[in-house]
Amino acid sequence: MALLALALFLVALFTGLGVWQVQRRAWKLDLIARVDQRVHAAPAPAPGPGAWAGLTRDNAEYRRVRIAGTLLNDRETLVQAVTEQGGGYWVMTPLRTRWGSVFVNRGFVPPERRSPASRAAGELPGLVAVTGLLRFSEPGGGFLRSNRPDADRWYSRDVAAIARARGVAGAAPYFIDADATPVPGGWPQGGLTVVSFRNAHLQYALTWFGLALLSLAGAWIVWRRG
């Protein structure tokens, strides 16, 4: 009887896990559809301080936004990046706006363009307009690498930490991935945001349901022999 009870418990457990994965798949498909709609929507004004508390990844990430302000080029930060063009850096630059500051990921530069002097034409002065995708901060660092503000080594786009290191007060809790609008001199190169979501929930669900069937078969064998 103990084996039968165990087998029936496993049937219930694996079935529950399978149902959970089906629900997760539905959530993921809905998320993908919503993000696709945001990415292709007309740009909306970037959220100001009054809206920050209500921003979540579910309701705001990858929202297409626009904003105008002045780039603080002397406070840019290079964050290590790996893109379809190879290794290099993201150029994170604070943009001073009428309500505060927001960091803009202006795009990718290869190692030989690390120095601002090597891409001086792209250091835009005066009032500029930026259109891009709203992204959430990436605190801590990259895979197996922690950010080191003391050494100015950055492996993730940690907005709060970069703002502290650069003395930028009142920065928005998000950053904006600039779109592919050409920049004088060609660098930084924007528009390289990768929008993709892993969706293996159907495979997981089939695995759990398969284990539930095996457990059910085991329960039937135990019952027959008992």
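Quick notes on this structure:
- Of all residues in region 34-56, those satisfying the criterion of being within 15 Å of residue 172 (Cβ to Cβ) and either touching a residue at least 24 places away in the same chain (Cβ under 8 Å) or among the small types (Gly, Ala, Ser) (or both) are 44, 46, 47, 48, 49, 50, 51, 52, 53, 54, 55.
- Taking region 100-122 as the range and being buried (at least 16 other Cβ atoms within 10 Å of the Cβ), more than 20 Å from residue 171 (Cβ to Cβ) and charged (D, E, K, R) as the test, the residues that pass are 113, 119.
- Scanning region 145-173 for residues that are under 14 Å from the mean Cα position of the chain (by Cα), outside any loop (DSSP other than H, G, I, E, B) and surrounded by fewer than 22 Cβ atoms within 10 Å (Cβ to Cβ) yields a single hit, 173.
- Test for residue 140: is it modelled with pLDDT under 95 and in the same structural domain as residue 107 (by TED's automatic domain parsing): yes
- For residue 182: the one exception among (1) surrounded by fewer than 17 Cβ atoms within 10 Å (Cβ to Cβ); (2) touching a residue at least 24 places away in the same chain (Cβ under 8 Å): (2)
- Taken together, 117, 121 contain a single residue that is assigned by TED's automatic domain parsing to the domain that holds residue 170, part of a helix (DSSP H, G or I), of a type in the set (Gly, Ala, Ser) and free of Cβ contacts under 8 Å to residues at least 12 places away in the same chain, which is 117.
- A residue that is under 30 Å from residue 20 (Cα atoms) and out of contact with any strand residue (DSSP E or B) (no Cβ under 9 Å at 6 or more places or on another chain) cannot be found anywhere in region 173-191.
- Once region 51-74 is narrowed to residues that are modelled with pLDDT under 95 and in a helix (DSSP H, G or I), the residue that is surrounded by the most Cβ atoms within 10 Å (Cβ to Cβ) is 60.
- Once region 124-144 is narrowed to residues that are touching a helix residue (DSSP H, G or I) at 6+ places or on another chain (Cβ under 8 Å) and buried (at least 20 other Cβ atoms within 10 Å of the Cβ), the residue that is nearest to residue 48 (Cα to Cα) is 134.
- Residues in region 84-99 that are surrounded by fewer than 16 Cβ atoms within 10 Å (Cβ to Cβ), of a type outside the set (D, E, K, R) and within 20 Å of the chain's Cα centre (by Cα): 85, 86, 87.
- Residue match in region 12-30 (condition: touching a helix residue (DSSP H, G or I) at 6+ places or on another chain (Cβ under 7 Å), more than 30 Å from residue 61 (Cβ to Cβ), surrounded by 14 or more Cβ atoms within 10 Å (Cβ to Cβ) and modelled with pLDDT of 75 or more): yes
- When 211, 192 are checked against the criterion of being assigned to a loop (DSSP other than H, G, I, E, B), crowded, with 16+ Cβ neighbours inside 10 Å and not hydroxyl-bearing (Ser, Thr, Tyr), a single residue qualifies: 192.
The values are calculated or read from the model by the stated rules, or taken from the named source; none is laboratory data. Please read all numbers here as calculations on a predicted model, not as lab measurements. All Cβ positions, even for glycine, are placed from backbone atoms using ideal geometry, and neighbour counts span all protein chains on display.
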